[in-house]
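K.L.:
Quick one: the structure is below, questions incoming.
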């Protein structure tokens with residue numbers, strides 16, 4: 001049998017992302033949309049539009065927003 005050169009699989013470093021936090025700076029109500037926007041790399045206005053559309057389309061946006069307020073911790077204060 002032929003010896004095959006079995007080099008280890010090349011591993012790329014995983015992009016490290018800041019943890020999901022509610023924003024203290026970009027907030028209208030509780031900072032959920034600002035934090036999600038920063039985490040996902042999109043403008044928080046788009047996240048707000050999505051929550052409003054879900055709220056008007058059956059009310060699930062309000063429920064999801066309330067759950068997010070409880071589940072996502074707020075950003076730490078930086079001095």
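All of the numbers you see were taken from the coordinates with simple rules; none came from a lab. Keep in mind it's a predicted model, so treat the numbers as computed, not measured.
K.L.:
Which length gain, in nm to one decimal place, applies between residue 77 and residue 27 when the Cα-Cα distance is subtracted from 0.36 nm times their residue separation?
P.N.:
That pair, residue 77 and residue 27, stretches by 16.5 nm at full extension.
K.L.:
Oh, and also: With the Cα gyration tensor of region 32-71 giving a ≥ b ≥ c as the square roots of its eigenvalues, does the rule (a/c under 1.5 for rounded; else a/b larger than b/c for prolate; else oblate) give rounded, prolate or oblate?
P.N.:
Oblate, since a/c reaches 1.5 and b/c is not below a/b.
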